[in-house]
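Down below is the structure, laid out as structure tokens.
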Amino acid sequence: MKTIAQSVEQILRAQPFLEEALQQQIINYSALAEKLQKEVSESLKKPVKTGAIMMALRRYQSPMGVSANIKIEKAFKSLGDITVRSNISAFTFRNTNTLINCHGKLLAYISDNTHLFYAFTRGILESNIMISGSEAERVDLFFEDEKLLNQRDELAAVSVQLPQDNSKVAGLYYQLFKHLAWRNIALYEVVSTTNEFTVLVEEQVVEQAFAVIKNLKK
């Protein structure tokens with residue numbers, strides 16, 4: 001039979017932000033217990049007093065929290081240059097047998113334009129193309145026979161160089177996403193390579209996104 005402690009643990013594990021705030025002792029135990037009372041009671045199929053939930057919260061031991069991970073702190077201090085590019089357009093096309101040919105035309109065109117921002121991601125059903133807004137008409141031309149699912153303009157990209165061993169640091173991306181989410185910054189697209197991480201956001205919040213990532217280095 002599930003205990004109160006197990007029910008509370010299950011709820012916290014499903015809400016990483018809440019778990020971390022509890023770990024940092026910035027949450028009122030009494031208020032949180034009242035908030036969780038209905039969910040815990042439904043989970044156990046019986047009434048549960050807030051006092052019992054408070055006790056479970058105080059005794060809860062989170063796993064090695066990613067926020068306290070020494071490897072993450074070291075990785076953030078080793079973040080490299082942060083680059084901001086504005087006036088970016090993003091296109092989403094349905095995947096077809098001919099889409100890759102259109103993509104080849106675009107690659108041939110931009111091969112000598114190293115100053116352009118360009119990124120491409122391919123999913124199972126659709127593909128995204130992100131390119132400097134000055135070249136949006138070229139995308140319209142090369143992909144005119146393809147099915148355009150969505151287009152967004154006036155985006156900005158914030159790119160950061162990651163340390164060489166970043167792939168061995170568990171929770172690194174979680175921390176990046178968490179800090180952006182806490183500042184209420186919505187991500188339109190995320191692009192990453194082995195040692196580079198780029199987020200696309202609306203231009204109106206790019207300064208905030210830049211500040212969030214920059215502050216991680218401190």
Sort out for me the helices (runs of 4 or more DSSP H) sitting completely within the range 1-119 that have 2 or more residues that are without any contact (Cβ under 8 Å) to a residue 60 or more places away in the chain, within 29 Å of the chain's Cα centre (by Cα) and more than 23 Å from VAL169 (Cα to Cα).
4-13, 29-44, 99-110
Among the candidates ILE124, ILE129, which residue alone is more than 13 Å from the chain's Cα centre (by Cα), within 30 Å of ASN97 (Cα to Cα) and surrounded by 12 or more Cβ atoms within 10 Å (Cβ to Cβ)?
ILE129
On the given criteria, is ALA136 more than 30 Å from GLU9 (Cβ to Cβ) and in a strand (DSSP E or B)?
no
Looking at the structure I just gave you, is ILE129 farther than 21 Å from ILE185 by Cα, part of a helix (DSSP H, G or I), touching a helix residue (DSSP H, G or I) at 6+ places or on another chain (Cβ under 9 Å) and without any contact (Cβ under 8 Å) to a residue 60 or more places away in the chain?
no
Against the definition (in contact with a helix residue (DSSP H, G or I) (Cβ under 6 Å, 6 or more places away or on another chain), farther than 21 Å from GLN204 by Cβ and at pLDDT below 90), how does LEU172 come out, yes or no?
yes
Which members of the range 167-182 meet the condition of being more than 12 Å from the chain's Cα centre (by Cα) and surrounded by fewer than 17 Cβ atoms within 10 Å (Cβ to Cβ)?
SER167, LYS168, ALA170
Kindly provide the set of residues from the range 188-198 that are of a type in the set (A, V, I, L, M, F, W, C) and either at pLDDT 95 or above or surrounded by fewer than 16 Cβ atoms within 10 Å (Cβ to Cβ) (or both), ordered by number.
VAL190
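Could we say that LYS214 is loosely packed, with under 14 Cβ neighbours inside 10 Å and not hydroxyl-bearing (Ser, Thr, Tyr) here?
yes
The values are calculated or read from the model by the stated rules, or taken from the named source; none is laboratory data. Small disclaimer: the values here were computed from a predicted structure and weren't measured. Heads up, the Cβs are rebuilt from the backbone with ideal geometry, glycines too, and the neighbour counts pull from every protein chain shown.
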